[in-house]
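Read-outs: derived from the displayed coordinates by stated rules, not from any lab. What you see is a predicted model, and the numbers here were worked out from it, not measured in a lab. Heads up, the Cβs are rebuilt from the backbone with ideal geometry, glycines too, and the neighbour counts pull from every protein chain shown.
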Amino acid sequence: MSWFTRCPACGVTYAVVPDQLKVAQGWLRCGQCQQAFDSTGMVLPWPVDVEAPQPSLPTEAPSARLDLNDFLQHEDKSALQTPVAAFEEALSTFKPQPLPTTATAPSSAVWAVPLGDLLAPNTAPNTAPNMAPEEEPAVLTPKASSWWSTLLAWGLLLALLLQWGIAGRDKWVAAEPSFAPPLQAACRLLGCEMVPPAVRDGVVIENSSMAPRDGGLALLWSVRNVTRQTLEMPALELTWLDAQDKVLLRRVFRPTEQDAPAALTPGQIWQGQLQLLPAEGLQPMGYRLVNFYP
């Protein structure tokens, strides 16, 4: 036989099992409002409609006829089972006992399942609370993910090309002077220094002379950039020679010691002048002047 009870808080009807009630000592927890209550004295039997057994048809002809009066006397005149409508009316007038205020639900309380869930498992109860759907985390669609991947790849490629160009800026300018303006602009933004390239034989000494002046020797010379790009100013090496062309003294002058500019533009000519004082007893008879990059 099935049993049922009703939650005293929300009035939802539940089907219960005697074994579960025995284990939980009569305590139930409403699956609708989560209220724990003692079902003692609140459990009623669920009436089941029992269909009258159908008389089996005789396979063989009866041996004797039964009188109609005798048949009516043996007819089952028992009262019909209580209809379901009468049971529901009685259920609506049922008043459960109030819960004791000092009692607490034991930890082994049985979770009660609404009777509507048992009778119609595919139908949601009308009294179910409105549960807002959980917001799912935003997921990039394949199209958006592919777009971001492409953008990132292009950004990394441009950064690599920029780094490569800045690292070899001097070589690029030496090979192609037209690269100088954009590379100089990039260096101004990135805080790097643009050093003009040094090309061997790119700056030549056009003429030079050395003559006595003011108790010493005055060295005059001029250099010219023979290339089509801006070049770094080279250093100057002066060698004094005696009458037999033997080396008496060798001296190197860097651009800062020459008061020369740091670079020469294409075709630029620059003239330099130095006042030299030979050491006592040193009488140079000739000189040799060359420029080079250290």
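Per-structure values
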item: Per-pair calculated FRET efficiency, R0 = 41 Å: Ser146 and Trp270 via Cβ, rounded to 0.05; result: 0.10
item: Mean Cβ neighbour count within 10 Å, used as a protection proxy, ranking 229-235, 188-194 highest first; result: 229-235, 188-194
item: Vicinal HN-Hα couplings computed from phi for region 151-159 (Karplus, 6.51 cos²θ - 1.76 cosθ + 1.60; Hz; Gly/Pro x); result: 4, 5, 5, 5, x, 5, 5, 5, 5
item: Mean Cβ count within 10 Å, highest first, over the residues of peptides 215-227, 241-253; result: 215-227, 241-253
item: Point-to-point label distance, Leu161-Val204, nm (Cα→Cβ direction, 7 Å offset); result: 3.9
item: Computed FRET value (nearest 0.05) for Leu241 with Gln184, which takes r as the C-beta separation and R₀ as 30 Å; result: 0.10
item: Neighbourhood charge, 15 Å Cβ-Cβ cut-off, centred on Trp270 and excluding it, Lys, Arg +1 and Asp, Glu -1; result: -2
item: Residues whose placed amide H lies under 5 Å from that of Gly31, excluding near-sequence neighbours; result: Ala112
